[in-house]
Structure formats: C-alpha cells, structure tokens
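For reference, the structure discussed in these notes is given below.
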Amino acid sequence: MSAKSRVAVKCPECKHAFIPSKEEVQSRAGASSRRKGAAFENRLAKRFAKWWPGGYEFKRTPMSGGSALKIGWGLAGDIATTAPDFPWHLELKNAPGSFAGLHQFYTASNGALWKWLDQAKTECPENKTPLLIFNRFDQPTYCAQHISWDNTVLNKLQAIGANYFTYMEKERGMYVIWCFDDMLNSDPGVWKV
C-alpha cells in the first residue's frame with residue numbers, strides 16, 4: 001500500500017495526517033475483495049448464459065448468495081438462473097491469493113478448497129448438485145464436485161474429452177476436478193439431468 005493511499009484524514013486543528021486504523025485497512029481490503037468476487041460472478045454468469053441453451057437468464061445472486069430472498073426464491077448459490085433444467089448450485093471463488101493451488105487437496109485437509117467444497121455441499125438445495133468453480137490468477141478456472149460411485153459426472157467428462165482428476169479424502173469422500181473451459185466448450189446437452 002502506498003503512503004499516499006494510507007492517509008485517511010487530516011486533523012482539523014493541526015493538519016496532522018493520520019494513518020488509518022487496522023480496521024479501516026481491513027475494511028478497504030474487504031471491499032476490494034468483494035468487488036473482485038462480484039466481477040468474477042458477473043463474468044461467469046455471462047458465460048453460462050451464452051453456453052446454456054434456451055436463452056435463459058443467469059445473474060449474480062444478490063449479496064453473493066446471502067440475500068434474505070434466497071428462501072423461497074431459489075436464489076441459493078452465487079449465480080441464479082431462470083433455466084429450470086440447470087443442474088447445479090454454483091459456489092464461485094475468485095481467490096488469487098487465498099489458496100496455494102490444487103496441491104492443497106493433498107497437503108491441507110483444512111485448506112480453503114475443502115472449506116469451499118463443504119460450503120457448496122451444505123448450502124445446496126435438494127434438487128441441485130453442488131459445484132464449486134474457483135480460480136487463481138496463474139491457473140485456469142477449475143470446477144470441483146463431490147461424486148459417488150454411481151455418479152455419472154465421470155462419464156460426462158469422458159464423453160466431452162475433458163482432462164480431469166479424482167481425489168479421495170477419507171472423511172469427505174471422493175471429488176472430481178476439471179477445467180471450467182473444457183465444460184463450456186462441450187455440448188450443454190451432455191450435462192442436463
């Protein structure tokens with residue numbers, strides 16, 4: 001942070017420049033993070049709207065899924081849609097510095113990726129499948145989904161020729177991770193339930 005941006009106010013009596021408190025700095029950082037997250041959600045909503053057939057709307061959920069309207073309005077997740085056949089509850093994370101990368105699946109059982117997957121799973125409505133979409137500035141955007149042995153997502157990924165890997169965690173079960181662009185380059189009909 002530059003010295004110029006750290007000056008919050010000047011004292012009206014002595015014109016002394018005050019450096020913002022820790023809380024003010026954290027508040028600004030939080031606002032910046034929310035803007036980046038909102039931009040990521042808006043960008044992905046547009047990409048889903050272009051990809052999913054039927055001309056349905058995809059919009060960023062108000063307050064990033066925390067809206068009071070989510071109960072009864074179907075606004076769970078970070079992107080809401082009018083598409084009745086859209087199978088996922090989307091949890092989006094734009095996290096350039098929040099996680100070290102995909103190797104956290106192997107090295108950090110309490111890392112950010114696991115927390116995000118748990119969040120997607122616990123907040124998902126009964127009629128949807130939780131899907132985590134996350135990115136980091138130096139890596140592609142990835143999708144991650146919990147799977148069971150009878151889950152068809154692996155067959156879908158094989159059908160579209162996507163690169164993917166699976167990971168089994170003793171307490172949480174089995175997950176599949178693939179590149180978001182592989183999914184959006186495929187026929188959306190493959191993904192319909």
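Descriptive notes on the structure:
- Computed lengthening from Phe137 to Lys115, 0.36 nm per intervening residue step minus Cα-Cα distance: 6.0 nm
- Filter on Lys46/Lys192; Lys46/Lys115; Lys121/Lys192 - keep pairs with C-alpha separation over 23 Å: Lys46/Lys115
- Residue exposure sequence - Asp187, Asp138, Asp182 - by fewest surrounding Cβ within 10 Å: Asp138, Asp187, Asp182
- Here the gap between Asp85 and Lys192, fully extended at 0.36 nm per residue and compared with their Cα-Cα distance, gives a gain of 37.9 nm.
- As a proxy for reagent exposure, ranking Arg136, Arg47, Arg60 by other Cβ atoms within 10 Å from fewest up yields Arg47, Arg136, Arg60.
- Distances between placed amide hydrogens fall under 5 Å for Trp88 paired with Thr129, all partners being 5 or more residues away or on another chain.
- Neighbour-count ranking [beta-carbon atoms within 10 angstrom, fewest first] of Glu123, Glu171: Glu171, Glu123
- Annotation: amide H-H contacts under 5 Å for Ile147 (H modelled 1.01 Å from N, sequence separation of 5 or more, or interchain): Met174, Tyr175, Val176.
- Shown in residue order for the stretch 42-51 are the 3J(HN,Hα) couplings computed by the Karplus curve 6.51 cos²θ - 1.76 cosθ + 1.60 at θ = phi - 60°: 5, 4, 5, 4, 5, 5, 5, 4, 6, 7 Hz (x for Gly and Pro).
- Ala39 paired with Trp51, simple spin-label distance in nm, labels 7 Å along Cα-to-beta-carbon: 2.1
- Between Arg172 and Thr122, the contour length at 0.36 nm per residue exceeds the alpha carbon distance by 16.8 nm.
None of the figures in this text is laboratory data; all of them are computed from the coordinates on show. Note that this is a predicted model, so its numbers are computed, not measured. Here Cβ is always computed from backbone atoms with ideal geometry, including for glycine, and neighbour counts include all displayed protein chains.
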